[in-house]
Amino acid sequence: MTYTQGVVLGLVQGLTEFLPVSSSGHLILVPHVFGWPDQGLAFDAVMHLGTLAALLAYFRRELLGMASGALSRRLAVLLVAATIPGALAGAFLEKLIESRLRSPMIIAVATAGWAIVMWIADRRAAAAPSVPGDPLERVSAGQALSVGCAQALALIPGTSRSGITITAGLLGGIDRATAARFAFLLGIPITAGAGCLKALHLLREGVPPGEAGPLAAALVTAFVSGWLAVWFLVSYLKRRSLRPFVVYRLLLALVIFVVVLRG
């Protein structure tokens, strides 16, 4: 991996991991466009650590609030409970999905199909609450668990973890900005678990010779771009809809179809 590859792939991963546009779809297209080989285990491990750091940095106040009691412990319990479906699905199905559902055509279909569901959910989105207090405190157990179950579907490449969890929140009656915040907070345990596992594998195998510098560049780029993506989406959804992301996903699916058909 070169420094250019590290920066470009880190930028793509950091942005698309958190914007509801499917990171797997982009990470298939970028190497194809530039003629780069598969990124490999080292890149996967570094990207998970970079995006985890971005989530921890952005949501440091909420995390400290749950730890100190400034936010109710109930929210922390809901996040833990909602993490269980995705964790179980990952433990039992990830290898099967990775071996059977990684084809570009499946990613294109998932990218387009879930874009339509996102559009339906966005049209039904609740208005932002006008009462005092943090809206996260008003997420119900049923809403939290439905978002948690939806997170399990993110194992299917092309789905987009942020996209499917925000969509589930909207269908459950949560407003757009709060759905995004809850979805990102819910992603912290899953991202941490995946990052730790991949980092352990990387430690066993070692960093490929000559790739420490490019991987460090990828890590920093993923962190910065990931933080900016979270900040942008939460701010954007306070006043605007998901419609541009729906259109973008449909166009992305079309591009993947064309790339696949041209071989």
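May I ask you to say which residue of G69, G40, G25 is modelled with pLDDT of 85 or more and not hydrophobic (A, V, I, L, M, F, W, C)? If you could, list the steps in order and put the result at the bottom.
Values: G40 fails: modelled with pLDDT of 85 or more; G25 fails: modelled with pLDDT of 85 or more.
Within the list G69, G40, G25, the selection yields G69.
Write out, first by first residue and then by second, each pair whose Cβ atoms fall under 7 Å of each other, whose residues are 6+ apart or on separate chains, and whose first residue, in segment 60-76, is over 18 Å from W231 (Cβ atoms) while the second is loosely packed, with under 11 Cβ neighbours inside 10 Å.
Sorted first by the residue in segment 60-76, then by its partner, the pairs are M66/R73.
Any idea how many residues of segment 209-240 are surrounded by 15 or more Cβ atoms within 10 Å (Cβ to Cβ) and outside any helix (DSSP H, G or I)?
Summing the residues that are surrounded by 15 or more Cβ atoms within 10 Å (Cβ to Cβ) and outside any helix (DSSP H, G or I) in segment 209-240 gives 2.
From L250, L237, L215, grab the single residue that is over 14 Å from the mean Cα position of the chain (by Cα), at pLDDT below 95 and of a type outside the set (K, R). Reasoning before the result, please.
On the way: L250 fails: at pLDDT below 95; L237 fails: at pLDDT below 95.
Of L250, L237, L215, the one residue that is over 14 Å from the mean Cα position of the chain (by Cα), at pLDDT below 95 and of a type outside the set (K, R) is L215.
Could you look through segment 108-139, keep only residues that are within 22 Å of the chain's Cα centre (by Cα) and among the small types (G, A, S), and pick out the one that is farthest from V234 (Cα to Cα)?
Among those that are within 22 Å of the chain's Cα centre (by Cα) and among the small types (G, A, S), it is A108.
If we scan segment 175-186, do we find a residue that is under 30 Å from Y3 (Cβ atoms) and not hydroxyl-bearing (S, T, Y)? So that I can check it myself, show each step before the final result.
Residues of segment 175-186 under 30 Å from Y3 (Cβ atoms): 184.
Right, trim to not hydroxyl-bearing (S, T, Y) and you get 184.
Yes, the conditions are met somewhere in segment 175-186.
Quick one: Q143 ticks every box in (1) touching a residue at least 12 places away in the same chain (Cβ under 8 Å); (2) surrounded by fewer than 20 Cβ atoms within 10 Å (Cβ to Cβ); (3) of a type in the set (S, T, N, Q) except a single one, so which number is it?
Tallying (1) touching a residue at least 12 places away in the same chain (Cβ under 8 Å); (2) surrounded by fewer than 20 Cβ atoms within 10 Å (Cβ to Cβ); (3) of a type in the set (S, T, N, Q), Q143 fails exactly one: (2).
Take the residues in segment 15-41 that are among the β-branched types (V, I, T) and in a helix (DSSP H, G or I), then tell me which one is farthest from A218 (Cα to Cα). Spell out how you get there, then give the answer.
Residues of segment 15-41 that are among the β-branched types (V, I, T), as a first pass: 16, 21, 28, 30, 33.
With the extra rule that they be in a helix (DSSP H, G or I), the set shrinks to 16, 28, 30, 33.
Details: T16: 14, I28: 17, V30: 15, V33: 19 Å.
The residue in question is V33.
Would you be able to say whether some residue in segment 246-253 is in a helix (DSSP H, G or I), of a type outside the set (A, V, I, L, M, F, W, C), in contact with a Ser or Thr (Cβ under 8 Å, 6 or more places away or on another chain) and closer than 29 Å to A127 by Cβ? Full working, then the answer.
Here is the first cut: in segment 246-253, the residues in a helix (DSSP H, G or I) are 246-253.
Still in the running and of a type outside the set (A, V, I, L, M, F, W, C): 248-249.
From what's left, in contact with a Ser or Thr (Cβ under 8 Å, 6 or more places away or on another chain): 249.
Restricting the remaining residues to those that are closer than 29 Å to A127 by Cβ gives 249.
The answer is yes, given that some residue of segment 246-253 is in a helix (DSSP H, G or I), of a type outside the set (A, V, I, L, M, F, W, C), in contact with a Ser or Thr (Cβ under 8 Å, 6 or more places away or on another chain) and closer than 29 Å to A127 by Cβ.
Can you tell me which residue in segment 42-61 is farthest from the chain's Cα centre (by Cα), limited to those that are surrounded by fewer than 21 Cβ atoms within 10 Å (Cβ to Cβ) and over 16 Å from G193 (Cβ atoms)?
Ranking the qualifying residues of segment 42-61, first place goes to R61.
Are any of the residues in segment 190-207 under 22 Å from Q5 (Cα atoms), in a helix (DSSP H, G or I) and without any contact (Cβ under 8 Å) to a residue 24 or more places away in the chain?
Yes, segment 190-207 has at least one match.
Being in contact with a helix residue (DSSP H, G or I) (Cβ under 6 Å, 6 or more places away or on another chain), farther than 19 Å from L233 by Cβ and assigned to a helix (DSSP H, G or I): is that true of A152 here? Talk me through it step by step, then tell me what you get.
Details: in contact with a helix residue (DSSP H, G or I) (Cβ under 6 Å, 6 or more places away or on another chain): yes; farther than 19 Å from L233 by Cβ: yes; assigned to a helix (DSSP H, G or I): yes.
Spelling it out, A152 is indeed in contact with a helix residue (DSSP H, G or I) (Cβ under 6 Å, 6 or more places away or on another chain), farther than 19 Å from L233 by Cβ and assigned to a helix (DSSP H, G or I).
The values are calculated or read from the model by the stated rules, or taken from the named source; none is laboratory data. Keep in mind that this is a model prediction, so the values were computed, not measured. Positions of Cβ are backbone-derived with ideal geometry, glycine not excepted, and every protein chain shown enters the neighbour counts.
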